[in-house]
Structure formats: structure tokens, C-alpha cells
Amino acid sequence: MSITTLERPAAENDGDGDDGTGSGVGTDAARATVAGGEAPAAPTRIPSKEGVEVGPRRRLRESTLDERFNILGALVAGPTVATLLFGWFTPLTGPIGWVVVAFLAFIGFYILLVSLRSDREEVKDRVLTVLLISAGTILFGALAFVVVYAVGRGSVALPHLNFFTQTMELAGPLDGLDVGGISHAIVGTLIQISIALAITIPLGITTAVFLNEIGGKFARFVRTISDAMTALPSIVAGLFVYAAIIQLITHQRSGFAASLAISVMMLPIIIRASDVVLRLVPGNLREASYALGSTRWRTVWSVVLPTARSGLVTAVILGTARGIGETSPVLLTSGITAVMNLNPFSGPMISLPLQVFDFVKSPEPNIIARGFGTAAVLILLVLLLFVIARLIGGKGPGQLSDRQRRRVAQQSVDDLQRIAARNHLLTPSPAPTTQESSP
């Protein structure tokens, strides 16, 4: 059987310095050492099962010189063409149009540069990669723009301490920013979202467990209804709670009614996201639990839910982000007030989104500044809830923190000591030997 270049042992290398891979790294390093210089660092090699080096390790995350040239060339050519079109050759104007033309020109030049040395499949792969990275960049840029714009417009009101500690009970539309605040809206938002979470978390996760662990015809019906509710307009949820709760039972707007409307919007999000997460739990974990004699509900409580804990927390975060920013259902159910109300079952209770809506309607600059400051506080509150939820959720399955590792190690030591003590008690002691007395 003939030996190819990649299969040739190192001992059969030719005298020209080829080490079997065509690189000659070993001989070049030896020559540099003999000449008195330092040997260059040899690339990392992948040995085969027989111990033969088959080639240098390829680093997939590193870009080649051609790839960098294509990207940089297209980045320079795209804006240049857009500038020529908007400033010299055509009467085009506007920054948004310039960005669109520059991006399209960038894609066109990138396709041209890549196609010079690549085939069609590689061109498709490179262009799709650039489009995906561009989509992520645009999404992150839009989010950063919203945050920066809200904080920038509200920076006039945010430095005042009274903005966080006072209410709008004694503040008028012409008063300065040193009077009045949004403490009543912050408290109202926390109360409403807490009640909504107390309703949706157990109901949503239990429904997701039912869909995955029980199944059946009714489960398919429930999944269809929950999927349809994800596209439910928020104003419809507000109208439903207004007609079913306020008109028929309470006869007044309240924070509890707003919480019910928010729950209607959060529940399908939590059910759908939790359903997807529970489907990702490997089936062999359930089978192993059943093989050890565990019941179905014990398996769900001790195996399925802990494994999917991180994903379930993400589902709750998605539902919370949807509910905490709702304005339409709260507008119909909670009412607008300028005073502090700690009782969610009596009287109107305003929230941060509704307070923003009420502020920005005013033509007064100070009130509008308060509105943008309230929006910035809402964004920071969502970020804070996200951090708290991630801390509660912890890491993914199999990823232990330092404290968890120490606890597991201590449990292992305790188990070892208990097993050793039990073996010592079960081991029979040797019978005493009697010495016969000599006559």
C-alpha cells in the first residue's frame, strides 16, 4: 500500500526538510538554532492515532488576508459611492437615503471582491454571513438609540432627587423640575407587575408542563389557543378586563384590574417560551428517573424543572418585559392619578408606561422632560429585573457556581464518611483466640 504525503512517518522525511506536511518547519527551526538565532514557534499540529503529524491546526475564528481585504475594500467603496451619488452626480439628499445606498453599494462591492477568488457557494456563504452580522448590528444600534435618546432627553429631570421621591400631587404643569416626581408610578408598576407575576408564573409553567408531560387532544387545543393569544392586541385585553371585571364586579378602575390585563398579555408569552424550553430537556433524563422507580410528578419536579431552570427564567423575563411596558390595557383598567396608592383593590393606580403617556401629551417642556425621564427609569427598571432574574435562575444545567461546587464536594465527603462508618459497623470483628495452657 502506498503512503501519501499526509500519512508519511516523520522518520521517512526527505533530506530537503519536508516533514511530511510540506511545511519544512522542523528543519527550518533547526537551521535557525544552528545559526545562533532563536527557533521560530512551530504551529500547533494535530497528531493522528499512529502518532504522525497530519498538519497545522486551523483556527476557524481567524480571518485571512483576503477576507480582511474584501471587507475593508467594500467598507471604503460603499460610502464613497454613496457620497458621490448624493453630493455630485444625483440630486439625492437625506442621511437615511445615504445610509441605505451606502449599505447596498457595500454589499455589491463585497460580492464582486469575493467572487474574484471564490466559487458561487462561498460567495453565498460570505454574503449571508455579512447580512446576518449587519442585521444584528442594526438591531443593537436601534436598541442603543432608544436608550440613549430616552436618557438624553430625560437627563434634565433625572439629576433631581425629588423626581424619585415625590409624587405629582402638589406639582402643576408650570412648576419647575425641583417639584414633583414619579414615586407613585414606580410603586404602582412594582405592585402591578408583582401581582401579574404571581398569577402568570405558576399558571404558565404548569400549563407548559401539562403540554409536554401529559399531552393528548386537549393539550393540542391549549397549545393552539396559547399560540393565538400571542398575537392578541393589547387593547383587546384591556377591553376584556374592563367589561368582565370593572363593569360587572368592581365598578371602579384599580391596580388589580390592571394586573389582570397585564397577565392576559404575559401568559401566552410565558407558556410558549416555557413549552419550547421543556421540549429541549433530553428524554433519557426522564427515562433514567423512571428506571430508578420515580413517579411522573417526582420526575418533573426533581429532574425536568431543574434542568430547564435557566430557560424558564428566560421565559419569565420575556413575559415580564412584555407586561411591564404595556400602556393600552393599563389605560383602560388602572386609571390616572397623581397621588400615591398602595391598595391595588381600591382606587386608580398609575404605572410608569401610563405616566409616560400622560406626560408627553403636555405641551410644557418640563412635563415632556419628566416623560422622557420616566421612560429612562422604566428602561432601568426592566434591566434591574432582568439582572435579578438571571441571578435567581443561575447558570444552565451542569454549570455550577463556586458555592455549589463547594457544597457538592462537602456532600461527597459526608457521604464517604457515612459509607465508611456503615462498613465499619457491618464488618464482623475477629473472634478472640484462646491460648491453651500447657500441662
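The values are calculated or read from the model by the stated rules, or taken from the named source; none is laboratory data. The model shown is predicted, which means the values in this text are computed figures rather than measured ones. When we count neighbours, we look across all protein chains shown, and the Cβ atoms used for this are built from the backbone with ideal geometry, even at glycine.
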Restricting to region 251-266, name every residue that is surrounded by fewer than 16 Cβ atoms within 10 Å (Cβ to Cβ) and touching a residue at least 40 places away in the same chain (Cβ under 8 Å). GLN252
Helices (runs of 4 or more DSSP H) contained in region 252-325 and holding at least 1 residues assigned by TED's automatic domain parsing to the domain that holds VAL382, over 19 Å from LEU211 (Cα atoms) and in contact with a Ser or Thr (Cβ under 9 Å, 6 or more places away or on another chain): 255-279, 283-291, 309-324
Just to be sure, is ALA338 outside any helix (DSSP H, G or I), out of contact with any strand residue (DSSP E or B) (no Cβ under 8 Å at 6 or more places or on another chain) and at pLDDT below 85? no
Yes/no for GLY181 being surrounded by 11 or more Cβ atoms within 10 Å (Cβ to Cβ), outside any loop (DSSP other than H, G, I, E, B), of a type outside the set (D, E, K, R) and touching a residue at least 12 places away in the same chain (Cβ under 8 Å): no
In the list ARG153, ARG117, which residue meets the criterion of being touching a residue at least 24 places away in the same chain (Cβ under 8 Å) and surrounded by fewer than 14 Cβ atoms within 10 Å (Cβ to Cβ)? ARG117
Selection over region 345-381 where residues are in a helix (DSSP H, G or I), of a type in the set (S, T, N, Q) and in contact with a helix residue (DSSP H, G or I) (Cβ under 6 Å, 6 or more places away or on another chain) yields a count of 2
What tally of residues in region 186-210 results from selecting those that are in contact (Cβ under 8 Å) with a residue 24 or more places away in the chain, over 30 Å from SER254 (Cα atoms) and more than 24 Å from the chain's Cα centre (by Cα)? 0
Restrict the check to region 224-234 and report whether at least one residue is acidic (Asp, Glu) and either touching a residue at least 60 places away in the same chain (Cβ under 8 Å) or closer than 30 Å to LEU342 by Cα (or both). no
Looking only at region 167-174, decide whether some residue is in contact with a helix residue (DSSP H, G or I) (Cβ under 8 Å, 6 or more places away or on another chain) and in a helix (DSSP H, G or I). no
Could you give me the residue pairs with C-beta distances under 8 Å whose first residue belongs to region 395-413 and is at pLDDT 75 or above, whose second residue is aliphatic (A, V, I, L, M) wherever it lies, and which are 6+ apart or on separate chains? VAL408/LEU400
Answer yes if at least one residue in region 346-365 is of a type in the set (Phe, Trp, Tyr) and either out of contact with any Ser or Thr (no Cβ under 7 Å at 6 or more places or on another chain) or farther than 19 Å from LEU197 by Cα (or both), and no otherwise. yes
